[in-house]
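I have placed the structure first, in the form of structure tokens, so that the comments after it can refer back to it.
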Amino acid sequence: MKRLFHLVALATVAAVLMIGCEKEKISPVNPDPGPQPGDTTSYLAFSAVEAGATVSMEIVGQCDAPSLEYSTDLEEWTKFDFSNPQTITLKNVGDSVYWRNTGKTDHFSKDGNNYIHFVLGEKKIAAEGNVMSLIDSSCTSKTIPSANCFMLLFLRNASLTTAPELPAEILAPNCYNQMFNGCSSLAKAPALPATQLDSSCYYGLFVYCTSLEQAPELPAMNLAESCYSGMFHDCTSLKQAPVLPAAELADKCYYGMFHGCTSLVQAPRLDAMNLATECYSWMFNGCTALEQAPELPATDLVQACYFSMFQECTSLKKAPELKSTNLARQCYLQMFYLCSSLEEAPELPATELAFACYANMFMECTALKKAPELPAKKMEETCYYEMFYGCTSLKEAPELLPAMELADYCYDMMFQRCSSLEKAPELPATELAYACYADMFGWCESLKEAPKLPATKLEEACYYEMFTDCYSLKEAPELPATKLVQDCYNCMFNRCFSLAEAPELPAMELAPYCYQYMFSECYELERAPELPATALVEGCYEGIFDSCSSLSHIKVAFEDWNDGIATAGWVAGVGSEGTFECPEGLAVQYGDNFIPNGWSVSKDGNAAAPSQIAPTATASSFEIKTLSTVNKEKPELIKPEFNQIIMN
């Protein structure tokens, strides 16, 4: 993911100007009366908080140099030369330097690669006065004239302790974008009186202002796209959020607004009923001190509206009520991901789902003990994808997942790594979808009982790794389907160490990789299910009994090994003694791809002594195919992390 902006290295400062040294000076006819406290017509000024504080300016990239001048006494003014930038040193505490435009301009910075910013030294310094004096010497304008105008104006000035006034009431796109980025000594935000916002106007305004404790009031009622996006990103000292009065939201308006505010203990009310795409996405991500979530009264959801809203809120113990039955694409995606203190999930009453609507919703909520009922009967692709992944305390799943018509990946990894889950929900569907149950209970180490699986119409990869690493599972469910499809049972019981009894496999016709590694590493399995198919296909039995160290009986109906390609490594690591039953016409060949070494052979009921014949092929002779080589790819679910699009 490319960064939104590319930081250009700071240029070398060419000359140093001490107060009193000779430079080109401009003497006004009428001396300026100077700034007055609270007067928005006063010039932008910097005052030394520590003796020896310095001020300069720099153009990064390509920007037209504005006509600026500065003064230390408001009587004599010196033109600032961007081609040979001066550094003004404030010798004493309280010394000040004032800045203004020589007239009026309708532009300043251009974008994140081409901008103008102040370069302040290491000594503490305070800003005051009206920032608009940089573009309007009269300081009367209340309108930002151009997009990106003051973008990055104070970038990484860690010595700045106070901000200047930002009196504009009508803003422009990106006008204050990351204006105070990295001003880690800034303890108080300026007032923000604007009521007419524009896209990304406050985007990342105080990002990495780690000393900021209080947010300014935000009076605007009409929002704009991304207007507050990332505004307080990583303001780690911020304890209280401002009131957010807007009733109608805009796309991404609050996206990542308090991301990483680790001291925030109280969230603002969120009363808006009309949501917008990604409006609350990442809003409180990483607010590790937040214990209570705000109410979320909206009933009509929109795409990704709550995406990662409370991700990594590790102190959050209770989720808000989620009453909506009108869901939208990715609406709850990752909403409570990594909320490690969350003990109770909200009710989820929706009966019709949307793409990825619950995907990753409670992922790694390690204190969650009980899942809510899930009454939905209309599925959509990836709707429950990884919903409870890594909920290691979850003991109770819903009793029933009632949907009869499934969707691709709908339950994929839904309970994966729920290591305390002992009982699975009922799964009544008889017609499956692509990878619908893939990895559904993978690594559920305590699962002792598998659900009934009545489906007779399968789809590719439908049961792929469904019970892989279910170490406590002793008995497999019946598998009544007689028509197989590619990868349908691939790795289904892989590493079920306690599985002692395999299900019957009644299908007479096989499909590519249908049983690949199905019972691999099932150490307690003594007897293989009968394999009635008479013809092999690519990879159908590959690795099916790999490392089943207790296995001592296999019965097959096929009469041609097909060079061992379909059975590559299928009996590697099985018991050293056993019986292999096969038709009269099957060639007696030994090795990992054929008959296990040391086993006796029974052809049509006539037993033969065990033999040791060097194998004509080994498992290593063949490429091991996994689901990752199947053509159909899983849709993209997860968006880039917020801090990847903030300049740092």
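Just a few scattered comments:
- Checking residue 265 against (1) in contact with a His (Cβ under 6 Å, 6 or more places away or on another chain); (2) farther than 22 Å from residue 182 by Cβ, the condition it does not meet: (1)
- The residues in the stretch 153-171 that are out of contact with any strand residue (DSSP E or B) (no Cβ under 8 Å at 6 or more places or on another chain), under 22 Å from residue 193 (Cα atoms) and of a type in the set (Gly, Ala, Ser) can be counted, and the count is 0.
- Residue in the stretch 611-622 that is open to solvent by 20 Å² or more (accessible area, probe 1.4 Å), modelled with pLDDT of 50 or more, not polar (S, T, N, Q) and not in a strand (DSSP E or B) present: no
- Entry remark, the stretch 238-287: residues being of a type in the set (Ser, Thr, Tyr) and open to solvent by 20 Å² or more (accessible area, probe 1.4 Å) number 3 in total.
- Every pair of residues 6+ apart whose Cβ atoms lie under 6 Å, when the first sits in the stretch 359-379 and is without any contact (Cβ under 8 Å) to a residue 60 or more places away in the chain and under 13 Å from residue 398 (Cα atoms) while the second is part of a loop (DSSP other than H, G, I, E, B) and of a type outside the set (A, V, I, L, M, F, W, C): 369/393; 369/395; 371/398; 372/347; 373/398; 374/398; 375/351; 376/351
- Per the conditions (1) farther than 18 Å from residue 163 by Cα; (2) at pLDDT below 95, the sole criterion not satisfied by residue 38 is (1).
- For the stretch 157-177, the criterion of being of a type in the set (A, V, I, L, M), closer than 25 Å to residue 113 by Cα and open to solvent by 40 Å² or more (accessible area, probe 1.4 Å) is met by at least one residue.
- Test for residue 339: is it closer than 20 Å to residue 232 by Cα and either part of a loop (DSSP other than H, G, I, E, B) or touching a Gly at 6+ places or on another chain (Cβ under 6 Å) (or both): no
- Verdict on residue 558 being modelled with pLDDT of 95 or more, surrounded by 15 or more Cβ atoms within 10 Å (Cβ to Cβ), part of a loop (DSSP other than H, G, I, E, B) and not basic (Lys, Arg): yes
- Taking the criterion of being open to solvent by less than 10 Å² (accessible area, probe 1.4 Å), closer than 20 Å to residue 263 by Cα and aliphatic (A, V, I, L, M), the residues of the stretch 302-334 that qualify are 309, 316.
- Residue in the stretch 467-487 that is among the aromatic types (Phe, Trp, Tyr) and within 23 Å of residue 402 (Cβ to Cβ) present: yes
- Scope the stretch 411-468; condition of a type in the set (S, T, N, Q) and either outside any loop (DSSP other than H, G, I, E, B) or over 20 Å from residue 495 (Cβ atoms) (or both); matching residues: 430, 456
- Per the conditions (1) closer than 18 Å to residue 475 by Cβ; (2) surrounded by 20 or more Cβ atoms within 10 Å (Cβ to Cβ), the sole criterion not satisfied by residue 446 is (2).
- Within the stretch 263-312, the residues that satisfy the criterion of being of a type in the set (Ser, Thr, Tyr) and within 22 Å of residue 388 (Cα to Cα) are 280, 281, 288, 306, 308.
- Residue 224 fulfils the conditions (1) touching a Lys or Arg at 6+ places or on another chain (Cβ under 7 Å); (2) of a type in the set (A, V, I, L, M, F, W, C); (3) more than 29 Å from residue 317 (Cβ to Cβ) except for a single criterion, (1).
- Only residues that are more than 28 Å from the chain's Cα centre (by Cα) and crowded, with 24+ Cβ neighbours inside 10 Å were counted in the stretch 178-191, giving 2.
- Scanning the stretch 561-586 for residues that are open to solvent by less than 50 Å² (accessible area, probe 1.4 Å) and within 12 Å of residue 601 (Cα to Cα) gives 578, 579, 580, 581, 582, 583, 586.
- Any hit, the stretch 479-491, residues being within 14 Å of residue 544 (Cα to Cα), part of a loop (DSSP other than H, G, I, E, B), open to solvent by less than 40 Å² (accessible area, probe 1.4 Å) and among the charged types (D, E, K, R): yes
- Residue among 226, 211 that alone is open to solvent by 10 Å² or more (accessible area, probe 1.4 Å), on the phi > 0 side of the Ramachandran plot and polar (S, T, N, Q): 226
- Any hit, the stretch 390-403, residues being closer than 29 Å to residue 331 by Cα, over 24 Å from the mean Cα position of the chain (by Cα) and hydroxyl-bearing (Ser, Thr, Tyr): no
- Of all residue pairs spaced 6 or more apart or on separate chains, those with beta-carbon atoms under 7 Å, a first member in the stretch 520-537 that is closer than 11 Å to residue 556 by Cβ and a second member that is outside any loop (DSSP other than H, G, I, E, B) and open to solvent by less than 80 Å² (accessible area, probe 1.4 Å) are 528/553; 528/554; 530/555; 531/555; 531/556; 536/562.
- Residues in the stretch 122-156 that are crowded, with 22+ Cβ neighbours inside 10 Å and among the β-branched types (Val, Ile, Thr): 125, 131, 135, 144.
- Of all residues in the stretch 321-349, those satisfying the criterion of being aliphatic (A, V, I, L, M) and on the phi < 0 side of the Ramachandran plot are 322, 327, 328, 333, 335, 342, 345, 348.
- Qualifying residue in the stretch 354-370 (condition: under 15 Å from residue 304 (Cα atoms), open to solvent by 20 Å² or more (accessible area, probe 1.4 Å) and either modelled with pLDDT under 95 or of a type outside the set (Gly, Ala, Ser) (or both)): yes
- When the test is whether a residue is in contact (Cβ under 8 Å) with a residue 24 or more places away in the chain and farther than 25 Å from residue 365 by Cβ, residue 258 does not pass it.
- Subset of the stretch 217-233 (residues that are in a loop (DSSP other than H, G, I, E, B) and of a type outside the set (Gly, Ala, Ser)): 217, 218, 219, 221, 223, 225, 227, 228, 231, 232, 233
Conditions tested, residue by residue: (1) buried (at least 21 other Cβ atoms within 10 Å of the Cβ); (2) of a type outside the set (Phe, Trp, Tyr); (3) farther than 23 Å from residue 470 by Cβ.
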| residue | (1), (2), (3) |
| --- | --- |
| 499 | yes, yes, no |
| 515 | yes, no, no |
| 521 | yes, yes, no |
| 530 | no, yes, yes |
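- As a summary of the residue check, residue 119 satisfies the conditions (1) more than 19 Å from residue 181 (Cα to Cα); (2) open to solvent by 30 Å² or more (accessible area, probe 1.4 Å); (3) not in a loop (DSSP other than H, G, I, E, B) except for the one numbered (1).
The values are calculated or read from the model by the stated rules, or taken from the named source; none is laboratory data. This is a predicted model, so every value here is computed, not measured. Backbone-built Cβ (ideal geometry, glycine too); neighbour counts: all protein chains shown. For accessibility, only protein heavy atoms count, side chains too; no ligands or nucleic acids. Shrake-Rupley method; radii C 1.70, N 1.55, O 1.52, S 1.80 Å.
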